[in-house]
Each structure stands twice: as C-alpha cells, then as structure tokens.
Amino acid sequence: MEERGQINLTYITERIITIFCPRGFPEDVYLHSLQEIIPMLQSKHGYNYMLLNLSQKHEALTRMNHKVLDTCWQDPVVTGLDQILHVCREMENWLQADPKHVLVLHCRGGKGLLGVLVASYIHFSNMSASADLSLDHFAMWRFYKDKLSTEMTPSQKRYAWTLGSVLKGGLRMRFSPCFLLCVVLHGLPKIDPDGGCCLFLRVYQSLQAVCTSPVYHANAAQTNRLYFVLQPAQLLNGDITVVSYHKNSWSGSRQVVFRLQFHTGIIAGHTLSFSKADLDCACEDSSFPDDGKLELLFSESPERFAGRELWHNGPTVTVDYDTLDPLVRRDSYQDMSDLQTDKRSCLESFPICFHSHPLSPRPVICFSFPPDAPAKHSHPVSSLSSGQGKFTSDYRFFPLTRTWKWKLAPQSEGEE
C-alpha cells in the first residue's frame with residue numbers, strides 16, 4: 001500500500017519511468033514534489049523525455065514539461081480499446097525515433113489504468129520485439145505482476161487481455177454491431193435491512209449514455225433473478241459500459257452495485273456471461289451473492305431471440321418507470337474520479353492531444369545518483385515553503401527496484 005505522503009518514481013526499464021501519486025495526496029504537496037522530480041528528469045535526460053499523463057489534464061504538468069501527452073483518462077474507467085492502442089503506438093513511435101528518448105508515465109489516484117497501459121504495451125511491443133528487448137519485457141512484466149495487477153479492476157484486466165489476445169491472433173474481433181435485448185441478473189444483492197434493493201441500469205457506448213432502464217424494486221428473499229428488458233433494444237458496437245445502481249429515495253442517493261466494461265468485438269454467439277469476480281465493485285461487495293452472475297443477451301435482430309417470451313419478472317417485483325428522475329439520469333462516469341482537477345476540460349478532450357512548452361533554462365538544485373548508489377543513500381533537499389508552513393524532504397534511490405521515493409513532512413521549528 002502506498003504511503004499517504006509519498007510519490008514514487010520508478011525506472012521500470014532504462015527508458016520507461018513511472019511517476020505515481022496515490023489517491024488523497026494533498027495538492028500543494030503534490031506540486032512541490034513535481035518541482036523536485038521534474039528538474040531531476042531534465043538533469044538526467046534533458047529534452048529527450050516525454051511525459052505521458054494517464055490522469056486528468058493538469059496545468060502544472062504542461063507548464064513544467066517540454067512535451068506532454070494528455071490522455072484525460074478517468075480512473076477507474078477504461079476509455080476505449082482504440083485509445084489504448086493509439087497510446088501504445090505513440091509510445092512505440094517516441095522510443096523508436098531516437099535511442100535517447102525516454103518515456104515518463106504519470107498517474108494519479110489508482111494504479112489500474114497504469115496497469116492497463118503497461119500490460120497492453122508489453123503485448124504491443126512484443127509484436128516487433130528483437131532479442132535485445134527481451135530483458136526489458138521481463139522487467140515490465142515483473143513490474144506489472146508485482147505492482148499493478150492486484151490494483152486493477154476486472155474490467156481493466158479484461159481490456160488488457162482483449163488487446164493482448166487480438167495482437168497475438170488468439171481472438172478474432174467481431175466488427176458488426178449487434179442488439180442488446182436483455183440483461184439478466186442471477187442472484188440479487190441484499191442492500192436494504194430487509195434484504196431488498198431498488199436497481200436500475202445505465203448503458204453507455206464510448207462513454208455516452210444510450211439507455212436507462214426503469215427502477216426495479218425487488219427482494220432477494222422473494223426472487224433470485226431479475227430481467228432488465230431493454231425497450232427498445234439497443235444497437236451497440238465498440239466500447240460498452242453497463243452500470244447498475246441501487247436507488248435510495250429516502251436519502252436521495254444512489255450507490256454502484258456493479259460496473260462492467262467490454263468491447264463488442266469479444267461477443268461470440270448471443271450471450272455474454274460474467275460471474276461476481278468479473279464485475280467491478282460487486283467482486284468486493286459482501287452484499288452481492290457469491291454465486292451471482294450477469295448475462296447479456298444479444299441478437300442480430302431487435303426481435304429475434306429464442307426464449308424471449310420467458311423474460312418476465314415475478315409478481316413481487318415492482319417497477320418505477322420514472323427514468324427522468326435526476327438521480328437516475330446522472331451520468332455515472334462523471335462521478336468516478338476524486339481528483340481535484342478540471343473535470344470538464346478532460347471530459348471534453350477524449351481525443352489524444354499533444355501539448356508543447358519551451359522551457360527556458362534556469363538554475364535548479366538537482367542531484368544525480370550513480371548506478372551503484374547504496375540502497376539507503378539519501379540526499380537532503382532544501383526546505384520548501386507553502387501556504388501551510390515549511391516542509392523538509394529527502395528522496396532515496398533503491399537500485400534493486402530502481403525507485404526514487406519522495407517523502408515530505410512538516411519542518412520542526414528548531415530546524416533551519
């Protein structure tokens with residue numbers, strides 16, 4: 001687990017670096033940390049590094065770095081298969097353009113999207129890899145398995161697997177659209193004290209809402225299956241997100257029951273089935289039954305599906321058709337990031353964009369670390385001033401993991 005007052009800089013390989021800022025990190029301390037990290041990168045790599053920002057756009061990153069690639073991704077949402085592939089191509093183009101080029105992967109919040117990109121790039125670079133890159137791939141894979149994979153959601157792992165399977169030829173993508181007719185939930189969560197729940201679905205295509213279901217009031221003690229019949233059936237193609245909520249009318253709130261992301265290219269036949277372990281949020285929720293699962297039923301026609309006459313909920317299930325309720329209509333992906341940055345600019349900037357800023361040379365305080373630096377060797381950095389007082393900091397280099405760790409703490413009154 002990451003410490004609250006710590007930013008990690010890790011050399012995965014000689015040319016791929018990560019900067020990770022944990023969730024809840026104070027903004028002012030984050031900015032002070034960048035003022036130490038960026039000069040160190042410039043001292044070591046000059047203008048040969050590109051910073052790839054996997055989080056929301058941040059003005060300080062653009063201002064401090066000469067080349068930034070903003071993805072405007074929102075953890076934990078996977079933006080789309082095409083964008084992951086596009087970023088992998090940009091990474092490969094940058095690294096192949098000059099042997100001195102270095103990539104810096106910057107991520108705030110959770111590590112899931114960093115895991116998606118690292119795993120995807122391993123698969124992508126394997127397509128044109130030479131024997132010289134085998135050690136780099138091993139280092140990236142070990143970093144992914146040890147540091148990232150356990151932090152990823154089921155949907156994030158699914159996207160990394162999908163891209164890898166396509167690139168290796170093990171999965172033939174389906175490119176034709178299909179109709180989503182019905183979503184079947186087997187096993188209901190026991191959310192209310194009496195075991196009841198008030199569930200509704202929102203379906204997104206490329207993160208744009210296309211469908212909202214009515215609200216179904218049901219009780220796990222009275223029914224073990226719930227049918228969300230989409231009327232009309234939804235013609236889908238590409239990156240799909242399905243989110244289920246429990247609506248609490250008394251408190252005027254809602255909570256995510258499960259979230260599911262997939263690409264329609266993986267559909268083979270007419271049914272996709274997901275167990276509890278495959279569903280974001282539900283996989284760690286004790287109120288969701290262990291044997292619960294979700295089925296999505298597809299067809300090439302909005303009318304043709306054998307057995308659709310059986311898609312009826314029991315008499316104990318009541319339905320509220322007020323889908324205009326703001327509590328129901330609110331877009332879910334806008335609430336999935338708790339980073340205090342400009343959400344609107346990122347949501348309106350899904351296309352990949354470059355930002356360049358010519359940095360004028362200026363004197364900086366920086367330290368270089370020899371490759372054989374001892375594990376506990378540290379270099380003090382001059383104290384920093386902020387609106388909340390002074391801080392002292394140091395950063396340490398650990399050669400076994402090639403990691404710098406920044407720690408900042410309030411400076412005591414007796415210190416200079």
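Some points to look at:
- Convex hull of region 165-221 built on C-alpha atoms - directionally averaged projected area, nm²: 6.4
- DSSP-defined antiparallel bridges as percent of all bridges, region 1-112, nearest 5: 20
- Two-site FRET efficiency, Tyr47 against Val256, from Cβ-Cβ distance with R₀ of 56 Å, rounded to 0.05: 0.85
- Among Tyr227, Tyr121, the ranking by other beta carbons within 10 Å of each residue's beta carbon, starting with the fewest, stands as Tyr227, Tyr121.
- Prolate/oblate/rounded label for region 224-275 (Cα gyration tensor, a/c 1.5): prolate
- Stretched out straight at 0.36 nm per residue, the stretch from Ala277 to Asn313 would grow longer than its current Cα-Cα span by 10.5 nm.
- Square roots of 5 times each gyration tensor eigenvalue, C-alpha, region 262-308, largest first, Å: 26, 13, 7
- Charge dipole (region 178-331, unit charges on Cβ, about Cα centre) - positive-most of Gly196, Ala277, Val242: Val242
- Taking a ≥ b ≥ c as the square roots of the eigenvalues of the Cα gyration tensor, an a/c ratio below 1.5 marks region 178-331 as rounded.
- Its Cα centre serving as origin, region 53-106 has a Cβ charge dipole (Lys and Arg +1, Asp and Glu -1) of approximately 180 debye.
- Segment His86-Ala221, extension gain: residue separation times 0.36 nm, minus the distance between their alpha carbons: 43.8 nm
- FRET efficiency for the pair Arg63 and Glu303, taken as 1/(1 + (r/R0)^6) with r the Cβ-Cβ distance and R0 = 45 Å, rounds to 0.20.
- Arg174-Leu31 FRET efficiency (beta carbon distance; Förster radius 41 Å; 0.05 resolution): 0.35
- Residue order, fewest to most surrounding Cβ atoms within 10 angstrom, among Leu54, Leu207: Leu207, Leu54
- Which listed pairs, of Lys168/Lys293; Lys190/Lys247; Lys111/Lys276, have C-alpha distances above 20 Å, in listed order: Lys168/Lys293; Lys111/Lys276
- Exposure proxy for Arg259, Arg15, Arg63: other Cβ atoms within 10 Å of each Cβ, ordered fewest to most, give Arg63, Arg15, Arg259.
The numbers here are math on the coordinates, done by the rules we state, and not lab data. Computed from a predicted model, the values in this text were never measured in an experiment. Don't worry about glycine lacking a Cβ; one is built from the backbone with ideal geometry, like all the others, and counts go over all protein chains shown.
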